[in-house]
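So the structure is just underneath, and the comments pick up after that.
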Amino acid sequence: MHHYFTDNDDLKSALRPVEYVIDGIQFTLVSDRGVFSKNTLDQGSATLIKALLFEDLQGSLLDLGSGIGIIGLTLAKLKNNLQVTLLEINRRALDLSKKNAEILSLSNVDIRYSDCYQAVAPDEKFTVIVTNPPIRAGKKTVYEFLGGSRAHLLDNGRLYFVMRKSHGALSAARYVEEVFGNCQLIKRHQGYYIYRAINVPSSTNIKK
């Protein structure tokens, strides 16, 4: 059985458009079979993107588990002051994200094949990490996405993640608070919860 979070390049291709509007701008990206939310912008990603539009995003942003690039590429298009890195394990989704970066005429993106943070250098750090984690990959993988983010954030850098309440959002938030010392719910919409955690330097880390 093929899953969107695995490398499944042998699956027969059937290209299709994914169309959506964010912040008044029409996006039309290319999708395919064997990738996450292959036919449409999923509600979780849409909720996360819309929440992030109200955040002060600057510097370097990592989209972990980026799929065909919807979150990272949309933010790169809307906020051209960002340098965006996309990490994805599904090679078909990775190739699609490269095509979609071309469609959007983006030059401020770096797209890498990676199993979780594998393609990130030990000393490479980001201002922001965002993720719509692969729930079907299991709790261990999801928590690796979330907990591993702190090692790759600059001081006062921020992790943002989206999860459904029914998929364990509240317990995930408690885990992230254990890792970071803080985790704040910033938006809730139709069962999707958006959280922000700040990588406060350890000498000043206090719960919020």
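The values are calculated or read from the model by the stated rules, or taken from the named source; none is laboratory data. The shown structure was predicted, so the numbers you read here are calculated from the model rather than taken from an experiment. All Cβ positions, even for glycine, are placed from backbone atoms using ideal geometry, and neighbour counts span all protein chains on display.
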Of the residues Ala101, Ala119, only one is over 24 Å from Tyr195 (Cβ atoms) and surrounded by fewer than 17 Cβ atoms within 10 Å (Cβ to Cβ); which?
Ala119
Please give the strands (runs of 3 or more DSSP E) falling wholly within segment 110-208 in which 2 or more residues are hydroxyl-bearing (Ser, Thr, Tyr).
126-131, 192-198
Can you tell me which residue in segment 17-40 is surrounded by the most Cβ atoms within 10 Å (Cβ to Cβ), limited to those that are more than 17 Å from Asp95 (Cα to Cα) and among the β-branched types (Val, Ile, Thr)?
Ile22
Of everything in segment 122-138, what is out of contact with any strand residue (DSSP E or B) (no Cβ under 7 Å at 6 or more places or on another chain) and at pLDDT 95 or above? Give them in sequence order.
Glu124
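Can you tell me how many residues within segment 19-35 are out of contact with any strand residue (DSSP E or B) (no Cβ under 8 Å at 6 or more places or on another chain) and under 15 Å from Leu78 (Cα atoms)?
4
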Segment 143-193 - residue that is crowded, with 21+ Cβ neighbours inside 10 Å, aromatic (Phe, Trp, Tyr) and touching a Phe, Trp or Tyr at 6+ places or on another chain (Cβ under 8 Å) and, of those, nearest to Glu55 (Cα to Cα):
Tyr160
Tally the residues that are in a strand (DSSP E or B) and farther than 23 Å from Gly24 by Cβ, restricting the search to segment 70-104.
5
Among the residues of segment 33-47, count how many are assigned to a loop (DSSP other than H, G, I, E, B) and under 20 Å from His189 (Cα atoms).
4
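From the set of residues in segment 48-69 that are assigned to a helix (DSSP H, G or I) and under 17 Å from Leu146 (Cβ atoms), which is nearest to the chain's Cα centre (by Cα)?
Going residue by residue through segment 48-69, those that are assigned to a helix (DSSP H, G or I) are 48-52.
Among the residues that remain, those that are also under 17 Å from Leu146 (Cβ atoms) are: 48, 51-52.
Details: Leu48: 9, Ala51: 13, Leu52: 11 Å.
Filtering first and then ranking leaves Leu48.
Only one residue in Lys140, Lys187, Lys125 is among the charged types (D, E, K, R), more than 18 Å from Gly65 (Cα to Cα) and within 18 Å of the chain's Cα centre (by Cα). Which one?
Lys187
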